[in-house]
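See below for the structure under consideration.
The values are calculated or read from the model by the stated rules, or taken from the named source; none is laboratory data. None of these values were measured; they are calculated from a predicted model. Note that we place each Cβ from the backbone using ideal geometry, even for glycine, and neighbour counts take in every protein chain shown.
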Amino acid sequence: MAARRLDAWLVLGNRRMLRDDLRWLRATVSRARDLDVLIGGEVPGWLLSQDLLVWLQLRRAEEQPKIVAALESERSGALLDALSLLPDIDQDTARRSISPIVRQVLDRAAQLRANDDPDDDDLHGLRRAVRRLRFALEWMGEKSSALAELQQIFGEFNNRVLLLRWLDAFPEQSVTEEPRARLGAELCEQRATVVRTWQGVQDRVQEVCLEWT
């Protein structure tokens, strides 16, 4: 999450050169982050068998050396040094740079309106755009309850999608067959809830966007 916030700050400052290094670091730790979310309580009690928990913990342990190596690398050191030398962002630069972030939200919203049956990729694209806009506005001292509410709902849905993917990768498929079926049914209901939530706040989100165009 911190890396996502920092990425929004780099975009606001029109400092795109460091974003590749930050994206590399984020990609290195993303698998571990996903596993931490699941192990840390996002797995429903009816699904979290001891075998599944142990398997997730083993996969998480495999990621730790990669994270340590990345954080101790020269590339990470250079990134941190460069970030420490950056000056604050002036408001004029931030206002100019936020326009593409706003446009991305509006474009994603238009795609969702044009699709009667959005898939997970459609919702994920909107979620990422909303998250970046929220973080950018917070850097500028602005907050939106509509964006925060939407991000929360999207995040819960995304965690369920993530869990289903890990269940599909679990070696003992016979153990997870029934939980996977139940989770799939829950995802269908939650997907509908996400769409309804978006429909309920989209006018407020678009009002926020129009303030910065």
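Would you pick out the residues in region 112-122 that are under 19 Å from the mean Cα position of the chain (by Cα) and surrounded by 11 or more Cβ atoms within 10 Å (Cβ to Cβ)?
Hits for region 112-122 are 112, 118, 120, 122.
Quick one: how many residues across region 98-153 are among the small types (Gly, Ala, Ser), more than 19 Å from residue 1 (Cβ to Cβ) and in contact (Cβ under 8 Å) with a residue 40 or more places away in the chain?
3
Can you list residue pairs whose Cβ atoms sit under 6 Å apart, with the first residue in region 1-28 being aromatic (Phe, Trp, Tyr) and the second being part of a helix (DSSP H, G or I)? Count only pairs 6 or more apart in sequence or on different chains.
9/139
What's the total number of residues in region 123-147 that are in contact with a helix residue (DSSP H, G or I) (Cβ under 7 Å, 6 or more places away or on another chain) and loosely packed, with under 14 Cβ neighbours inside 10 Å?
1
For region 160-179, which residues satisfy the criterion of being surrounded by 14 or more Cβ atoms within 10 Å (Cβ to Cβ) and either over 21 Å from residue 118 (Cα atoms) or touching a residue at least 24 places away in the same chain (Cβ under 8 Å) (or both)?
160, 161, 162, 163, 166, 167, 170, 175, 176, 179
Condition (residue is surrounded by 15 or more Cβ atoms within 10 Å (Cβ to Cβ), more than 17 Å from the chain's Cα centre (by Cα), among the hydroxyl-bearing types (Ser, Thr, Tyr) and farther than 22 Å from residue 26 by Cβ) applied to region 79-102: is it met by at least one residue?
So far as region 79-102 goes, no, none of its residues is surrounded by 15 or more Cβ atoms within 10 Å (Cβ to Cβ), more than 17 Å from the chain's Cα centre (by Cα), among the hydroxyl-bearing types (Ser, Thr, Tyr) and farther than 22 Å from residue 26 by Cβ.
Taking the stated definitions as given, is residue 38 surrounded by 14 or more Cβ atoms within 10 Å (Cβ to Cβ), over 22 Å from the mean Cα position of the chain (by Cα) and modelled with pLDDT under 90?
So residue 38 does not fit the description; no.
Could you tell me how many of the residues in region 165-213 are at pLDDT 80 or above and of a type in the set (Ser, Thr, Tyr)?
Residues flagged as at pLDDT 80 or above and of a type in the set (Ser, Thr, Tyr) within region 165-213 amount to 2.
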